[in-house]
Amino acid sequence: MKKIGFIGVGVMGQSMVRNLMKHGFEVSVYTRTKEKADAVVSEGAIWCPSVKECAAGKDVVITIVGFPKDVEEVYFGENGIIENVPAGATIIDMTTTSPKLSVRIYEAAKARGVYALDAPVSGGDIGAQKGTLAIMVGGDKEVFDAAQDVFSAMGTNIVYEGGAGMGQHCKMANQIALSGALASTCEAITYAKSVGLDTKTMLDTISTGAAGSWQMSNNGYKILAENFDPGFFVYHYIKDMRIAMEEATERETALPVLADVLSMFEKLDAEGGSKLGTQALIKIYEEKKH
């Protein structure tokens, strides 16, 4: 069975590590704040004190960190993954990051005889826990095919999107679509409250029809419960939306809905909501009533 190094044990990473171990993989972990890895280490993961040691001797190294600068830090340099993973290994970045950065990683890895895939995910903390993530993969098709056992431990909708960076471009499309679905869910709830509808009954009714979405069926009910715990942090989503806007701007592609939703999230962030879940967007709608 493949030896896996896993870097970035946050909200998503913890569950992904657990699912890999459930499927029999030996998983070594590294994260900057060791306490975040304590639970999975107690369950059988092997702690590594550095990126370098987590990459050394592994068949596969998976990363899911925060921002593009974090991705650069763990992949490049003499203590990074690319310099320390053995030739013939596969490195899989599951962070949502810049497609250009994924191409850089692919090219640097190829120069050292290492295989690289960009494989961002969708499905949030719930999908990570259940092992039902959607995984969008860019890179060489034969490398994607060889990594199916690893991907299938974490997700159920595993799709090859094309060459290096195409997994990230697909994730950008996902984040663009998500913006409208979440905002419209907030608007539906805001409208229902304003006219005196029972909001739960309303969601129960419309979530199974043409208006239904993952956002409505999951975050809609969290909003009603005033549960703003992060399945997906506001500040991470802002990062994703900014990457999508940058890519679209370079191609002179207009994304007016995304631009509006991004501006609302930036307001929420400025008001101290950065570490809430994305469903906290409702707070901006509540402000608008006054």
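The values are calculated or read from the model by the stated rules, or taken from the named source; none is laboratory data. Just so it is clear, the structure is predicted and the values come from calculations on it, not from any experiment. Virtual Cβ from ideal backbone geometry, glycine too; neighbours counted across all protein chains shown.
Here are some notes:
- Asp140 vs. criteria of a type in the set (Asp, Glu), touching a Leu at 6+ places or on another chain (Cβ under 9 Å) and assigned by TED's automatic domain parsing to the domain that holds Leu117: yes
- Of all residues in the range 159-203, those being aromatic (Phe, Trp, Tyr) and either assigned to a helix (DSSP H, G or I) or over 30 Å from Leu117 (Cα atoms) (or both) number 1.
- In the set Ala109, Ala87, Ala116, only one residue is surrounded by 24 or more Cβ atoms within 10 Å (Cβ to Cβ), of a type outside the set (D, E, K, R), assigned by TED's automatic domain parsing to the domain that holds Asn19 and more than 21 Å from Arg18 (Cβ to Cβ); that residue is Ala116.
- Test: Lys3 is of a type in the set (Lys, Arg), modelled with pLDDT of 95 or more, within 20 Å of Val114 (Cα to Cα) and in contact with a strand residue (DSSP E or B) (Cβ under 7 Å, 6 or more places away or on another chain): yes
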